[in-house]
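Structure first, commentary second.
Nothing in this text is a laboratory measurement; each read-out follows from the coordinates by a stated rule. In this text, all values refer to a predicted model and were calculated from it rather than measured experimentally. Cβ sites come from the backbone with ideal geometry, for glycine too, and all protein chains shown count toward neighbours.
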């Protein structure tokens, strides 16, 4: 196995990170707004929307495992994983646009169209994002460099998350001139074009360095058997499922929490008291004074406050990410991840107990939740890359893509379950899009969906880490043993 224990350039780290920014312009939209888009924009019933997200997501999850087997056995002059980023860039952009379009079909036609485009989107997402994720495990074998690469990558993820959760609704209103269907299509068109460009940059700025020799590539049966014996892999698979159930569930339910639970007068007063309305007014005076068009921030208090709420959480997630690498280098990824996830869960649970008027507490809690969760964000994928090293260390065979494919399988399963739970919980608790005010049972379900339900699932994720045996000492041992083994082989 050819291997160089070398530093990655800033250019390569940024180039790699742009690939995740591209993917997350779509992924974050799916996670945060897909249920809302289906129910409130395309007018698909909540239960039907839940079924589409669940079925389509599981289909994509199983395809992801197939994609891992294919990627590990891809051999080109560009490497195993980079060519897939090139091949899928344009199709990913086109299908993303189609998935958020609203053709005027019958009720059954809408369901068929939504299911078809969602199926296609999760397939092409797997074909692009699985090789992209696996690429992080072969750019370098230096675990500290992987920590650094993950930090770059997830700052880019947070930028995408900020754009989606803070600016998407304003963009939808601006580009659609108040028509959300037109606005979603126009906004996703812009995201698709930018995303294609960023994926191409990733392809041209990265290089695969950890390359297994042909005799070290096992059969599919051997790869799968290695996975089943790999306890850290099993722990990470379950952890990934639980995390993405939580992210999709709370992310998709927050908009209903603001729209249907929190007091609209209290939200309006909060925005006025913190000077936000004055800031927007001043910004628009400046823009019109320069002869430009006004910035059309949402005028209704719930939508405006929801975007600001997301902004606060994302900004402090980025702050948390900055603490991730030094803490992981000192204490090990596993222990830092567990502590950060537990503390973020504590602040998630308390959303249930706030009355509708406690707007300041809701925002402060989101900031604290975002900070502690931010510490964990870069570590998940760095730990999965470590699991690939652990497998090579134990079995003397490297199957990077199938390990990452199993984790992205967990991601898709979690996303499917979490996204479906949003629609399912709304349906069970009697959500009616045509009502001006939801009934008490529905409000109770919305509160549970942003706090207790996702909080319990996060705690299950914390429990998984007790079975992940790669602590700081083992990280160092694996790295040194593989360096020695690879130097002898080369």
Ranked packing of 435-446, 419-430, 51-62, most packed first, by mean Cβ within 10 Å
419-430, 51-62, 435-446
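What ranking do 381, 87 get, fewest neighbouring Cβ atoms within 10 angstrom at the top? Intermediate results must be reported in sequence, preceding the final value.
Numbers: 381 24, 87 14.
Fewest-to-most Cβ neighbours within 10 Å comes out as 87, 381.
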So, with points 7 Å from each Cα along the Cβ direction, the residue 432-residue 76 label distance in nm works out to 5.4
Compute the acute angle (0 to 90°) between the alpha-carbon long axis of helix 180-205 and the principal axis of greatest extent of the alpha-carbon atoms of the chain; round to the nearest 10°.
20
Taking the 0 to 90 degree range and rounding to the nearest ten, how far is the long axis of helix 400-428 tilted relative to the main principal axis of the chain, both from C-alpha atoms?
20
Options (i) 69, 51, 44; (ii) 68, 57, 40; (iii) 69, 52, 40 - which one matches Cα extents along the principal axes in Å as calculated here:
(i)
Cα-based Kirkwood hydrodynamic radius, the range 390-490, one decimal, Å:
17.7
Taking the Cβ of each residue in 407, 322, 474 as the centre, tally the other Cβ atoms inside 10 Å and list the residues starting with the fewest.
322, 474, 407
In whole angstrom, the spacing between the Cα centers of the range 264-290 and the range 380-429 equals 42
Between the helical axis of 264-273 and the dominant principal axis of the chain, each derived from Cα atoms, what acute angle in degrees is found, rounded to the nearest 10?
80
One finds, for residue 456 and residue 106 with R0 = 45 angstrom and r their Cβ-Cβ distance, a FRET efficiency to the nearest 0.05 of 0.70
Taking square-rooted eigenvalues a ≥ b ≥ c of the alpha carbon gyration tensor, is the range 11-61 rounded, prolate or oblate, where a/c under 1.5 means rounded and, failing that, a/b exceeding b/c means prolate?
oblate
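Would you mind ranking 279, 270 so that the residue whose beta carbon has the fewest other beta carbons within 10 Å leads the list? Walk me through the numbers on the way to the answer.
Values: 279 12, 270 21.
Fewest to most other Cβ atoms nearby, the residues stand as 279, 270.
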